[in-house]
Ligand code: FES
């Protein structure tokens, strides 16, 4: 069966199907609820049932106080909905609401995405998942000498699986370890989340994304989250690839474009010697053709600082309000 759940005080809603827990269903729908272990131990996913009936999925060791029991508190990771529900729960509304966490994650896979690009797929332990908002970054370290701060390229709705796009740079010890071949026996320390390059979920304006090279990583997370929320009328991605790495997930972007009527994808290939101003100008030209009034969109721009700064200047010059622009600056 499926049931509709409304979360107060935000009023946001999600659907619970089958035997998914309330927590799983809320995360898959893009809500940023407070939680920790997902296993009934930490008590962080407490919610108060305002109306409706629950079905318990698993036993919990967490001890509620007498007052909490009397108030109708339950653990969202241990229950599903037996009827439509209204619950009261804590939600994160911005990066400041996210606690800094340290987790030792297992290497699930390292996959090539071109000669100088790797997808690093980490999996956190079942009872210790990373809470983050789409678009945020984490510091990764392998042993003592190999560390890097990288955007999380996956969506928070898949809470245990974290993706990172690792680019090979000369002298980068972390990238060298990844390219030398990590295995399932290796563990990577994840510290985060960090950064404020996150979606403005209160806005219903059309979303435009400009990714320069590996700036695609946080943009991918934002797009997947925006799709889960189904909040934006249209999504428009311009991906400028200049450094010989190409559009290393071009097939994924084309699949989004094929599957969704409201998603537009425009890859731009530029020569390696192109200046940041030229790259930003090319991206802005595509946006200008599609959006006659930039005042009406929210823009998310990510990539090397030289490119994001050039794009920022052009976007503001063409009338985008500063409050509707978010910048994610990547290394390199
Ligand atoms: S997330 Fe820890 S008890 Fe539910």
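A P(r) calculated from all alpha carbon pairs of segment 157-216, with 5 Å bins opening at zero, reads 4, 10, 16, 21, 20, 14, 7, 6, 3 percent.
When every alpha-carbon pair in segment 96-194 is counted, what percent end up more than 19 Å apart? Walk me through the numbers on the way to the answer.
Numbers: 1666 of 4851 pairs.
For segment 96-194, the fraction of Cα-Cα distances above 19 Å is 34 percent.
For segment 96-194, the relative contact order is 40 percent, taking Cα pairs closer than 8 Å that sit 6 or more residues apart in sequence and dividing their mean separation by the residue count. Packing, taken as the mean count of other beta carbons within 10 Å per residue, orders the peptides 87-97, 23-33 from highest to lowest as 23-33, 87-97. Ranked by the mean number of other Cβ atoms within 10 Å of their residues, highest first, the peptides 195-205, 105-115 fall in the order 195-205, 105-115. Of the DSSP beta bridges with both residues in segment 207-330, give the percent that are antiparallel, rounding to the nearest 5. About 0 percent, rounded to the nearest 5. Where both bridge residues fall in the chain, DSSP classifies roughly 60% of the beta bridges as antiparallel.
For segment 2-91, what Kirkwood radius comes out of the mean inverse Cα-Cα distance, in Å? Present the calculation step by step, with values, prior to reporting the outcome.
On the way: mean 1/r = 0.0788 Å⁻¹.
After inverting the pairwise mean of 1/r, the radius is 12.7 Å.
Directionally averaged projected area (segment 221-332, Cα convex hull): 6.9 nm².
Packing around the peptides 34-40, 49-55, taken as the average count of other Cβ atoms within 10 Å per residue, puts them in this order, highest first: 34-40, 49-55.
Please state the equivalent ellipsoid semi-axes for the chain: what are the square roots of 5 times the Cα gyration tensor eigenvalues, largest first, in whole Å? The partial results should precede the final answer.
Working: eigenvalues 262, 127, 49 Å².
Its equivalent ellipsoid spans semi-axes of 36, 25, 16 Å.
Normalised by the number of residues in the chain, the mean separation of alpha-carbon contacts (under 8 Å, six or more apart) gives a relative contact order of 14 percent. Between the alpha-carbon centers of segment 1-76 and segment 230-305, tell me the distance in whole angstrom. If we compute the Cα centre of each part, the gap is 38 Å. Across segment 262-303, Cα-Cα pairs more than 13 Å apart make up 64 percent of the total.
What fraction, in whole percent, of alpha-carbon pairs in segment 41-160 exceed 23 Å separation?
Counting every Cα pair in segment 41-160, those more than 23 Å apart make up 47 percent.
In the chain, the calculated helix contribution to ellipticity at 222 nm averages -6500 deg cm²/dmol per residue, counting -39,500 (n - 2.57) for every DSSP H run with n ≥ 4.
Throughout, read-outs are computed from the coordinates displayed, never taken from laboratory work. Bear in mind that the values here come from a model prediction, so they are computed numbers and not experimental data. Quick reminder, even Gly has a Cβ in these numbers, built from the backbone with ideal geometry, and neighbours come from all protein chains shown.
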